[in-house]
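Following: one structure in structure tokens, then a few remarks.
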Amino acid sequence: LAIARELGDRSGEGHALGIIGIAYRALHDALRSIEFFQQTLAIMREIGNRREEANTLSNLGSAYQIAGDARQALDLYEQALRLAREIGDLTREGNVLGELGDLLLSLDKAQKAIEFFEQSLAIAQETGNRRGEITTLARLGNVYLSLGDVPRAMQYAKLGLELARQFPDLPLYLPDKHSGRSALL
């Protein structure tokens, strides 16, 4: 961050701030995470990096979700989704749909979460995003488990496991019901 600032590299500064925000989010320090993501967002908007703006909106939404502000998280995820669709970033769109599903599931809106997860899964399959596909299969398994539909939950878990076995070196982020975010496996 100091080097980017010294060089006047606004993009590098924005990326460094974003990485610091991610680190604070991983430490569950939502307020510090929000502070750094807001700085990142301002820079990405200033330099016109719309792809990173969408990414930062999503990261900011997750920080607000951890902070317990579901309404603000929802608003930020929706902004990220609109922007991802505007710029044609299918991978980001799929990721945000999954994050929206996680948020809705945490708010006991399982049926709406399923809709977002199914859209996310379709995009992951269309784009060949195997990590996204496996993560979304796990998310669908979790939501059906929460609904008491064990056979359907098992169906999605088995599909995810089969796919994960095909790609054993792929780092995976699977849903963590306690944090509202996905955890690295």
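Per the listing ARG45, ARG32, ARG71, ARG51, the residue uniquely in contact (Cβ under 8 Å) with a residue 40 or more places away in the chain, open to solvent by 20 Å² or more (accessible area, probe 1.4 Å) and either farther than 29 Å from GLN119 by Cβ or of a type outside the set (S, T, N, Q) (or both) is ARG51. Criterion applied to GLY88, GLY98 was being surrounded by fewer than 16 Cβ atoms within 10 Å (Cβ to Cβ), closer than 29 Å to MET44 by Cα and either of a type outside the set (A, V, I, L, M) or at pLDDT 95 or above (or both), and the one residue passing it is GLY88.
A residue that is farther than 27 Å from ALA124 by Cβ and hydroxyl-bearing (Ser, Thr, Tyr) cannot be found anywhere in region 52-67.
Go through the residues of region 113-126 one by one and say whether even a single one is touching a Ser or Thr at 6+ places or on another chain (Cβ under 8 Å), free of Cβ contacts under 8 Å to residues at least 40 places away in the same chain, among the β-branched types (Val, Ile, Thr) and at negative phi. Within region 113-126 (the criterion being touching a Ser or Thr at 6+ places or on another chain (Cβ under 8 Å), free of Cβ contacts under 8 Å to residues at least 40 places away in the same chain, among the β-branched types (Val, Ile, Thr) and at negative phi), the answer is yes, since at least one residue qualifies.
To keep it simple, each residue is scored yes or no on (1) within 22 Å of ALA80 (Cα to Cα); (2) surrounded by 16 or more Cβ atoms within 10 Å (Cβ to Cβ); (3) in contact with a strand residue (DSSP E or B) (Cβ under 9 Å, 6 or more places away or on another chain); (4) of a type in the set (D, E, K, R).
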| residue | (1), (2), (3), (4) |
| --- | --- |
| GLY94 | yes, yes, no, no |
| ASP102 | yes, yes, yes, yes |
| GLU115 | yes, no, no, yes |
| ILE123 | yes, yes, no, no |
| ASN142 | no, yes, yes, no |
| SER146 | no, no, no, no |
| GLN155 | no, no, no, no |
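I'm trying to understand the selection: among the residues of region 93-118, which are over 21 Å from ARG50 (Cβ atoms) and not charged (D, E, K, R)? Break it down stepwise before answering.
Step one: filter region 93-118 for residues over 21 Å from ARG50 (Cβ atoms), giving 101-118.
Of everything in region 93-118, those that are over 21 Å from ARG50 (Cβ atoms) and not charged (D, E, K, R) turn out to be GLY101, LEU103, LEU104, LEU105, SER106, LEU107, ALA110, GLN111, ALA113, ILE114, PHE116, PHE117.
Of the helices (runs of 4 or more DSSP H) lying entirely inside region 10-108, those containing at least 2 residues that are within 17 Å of the chain's Cα centre (by Cα) and under 27 Å from ARG130 (Cα atoms) are 10-26, 50-67, 70-87, 90-106.
Note on region 8-23: residues that are open to solvent by 40 Å² or more (accessible area, probe 1.4 Å), closer than 14 Å to ILE47 by Cβ and free of Cβ contacts under 8 Å to residues at least 12 places away in the same chain total 2.
The values are calculated or read from the model by the stated rules, or taken from the named source; none is laboratory data. Keep in mind it's a predicted model, so treat the numbers as computed, not measured. When we count neighbours, we look across all protein chains shown, and the Cβ atoms used for this are built from the backbone with ideal geometry, even at glycine. Accessible surface is based on the protein model in full, side chains and every heavy atom, while ligands, DNA and RNA are left aside. Shrake-Rupley method; radii C 1.70, N 1.55, O 1.52, S 1.80 Å.
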